[in-house]
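Taking it in order: structure first as structure tokens, then the write-up.
The values are calculated or read from the model by the stated rules, or taken from the named source; none is laboratory data. Keep in mind that what you see is a predicted model, and the values were worked out from it rather than measured. Ideal geometry is used to build each Cβ from the backbone, glycine not excepted, and the neighbour counts take in all protein chains shown.
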């Protein structure tokens, strides 16, 4: 039943990909507005803006992914093994 494990892990893995894509969008907008890439003060300000712009989404996804990982992988027993019997009983 490998497909069950992959479907359980997808939300955790896709969370990181969502943050990465969001980082690309934010950095693209900030870099397009940058006038001089050699100006260290401007680049420092740009990176500071990027850091604080990404914080709400990155923190939320990180907290949720850790919670999901703990739930699905608690004590080495995947959550799927617990849920499958419950689904078969209710059917």
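Would you check which residues across segment 43-62 are surrounded by 11 or more Cβ atoms within 10 Å (Cβ to Cβ) and under 12 Å from the mean Cα position of the chain (by Cα) and list them? Of everything in segment 43-62, those that are surrounded by 11 or more Cβ atoms within 10 Å (Cβ to Cβ) and under 12 Å from the mean Cα position of the chain (by Cα) turn out to be 54, 57, 58, 59, 60, 61, 62. When 64, 46, 57 are checked against the criterion of being in a helix (DSSP H, G or I), in contact (Cβ under 8 Å) with a residue 40 or more places away in the chain and out of contact with any strand residue (DSSP E or B) (no Cβ under 7 Å at 6 or more places or on another chain), a single residue qualifies: 64.
Residue 70 - would you say it is exposed (fewer than 14 other Cβ atoms within 10 Å of the Cβ), assigned to a helix (DSSP H, G or I), over 16 Å from the mean Cα position of the chain (by Cα) and at pLDDT 55 or above? Spelling it out, it is not the case that residue 70 is exposed (fewer than 14 other Cβ atoms within 10 Å of the Cβ), assigned to a helix (DSSP H, G or I), over 16 Å from the mean Cα position of the chain (by Cα) and at pLDDT 55 or above. In this structure, residue 21 does satisfy being out of contact with any strand residue (DSSP E or B) (no Cβ under 7 Å at 6 or more places or on another chain), within 26 Å of residue 69 (Cβ to Cβ), assigned to a helix (DSSP H, G or I) and without any contact (Cβ under 8 Å) to a residue 40 or more places away in the chain.
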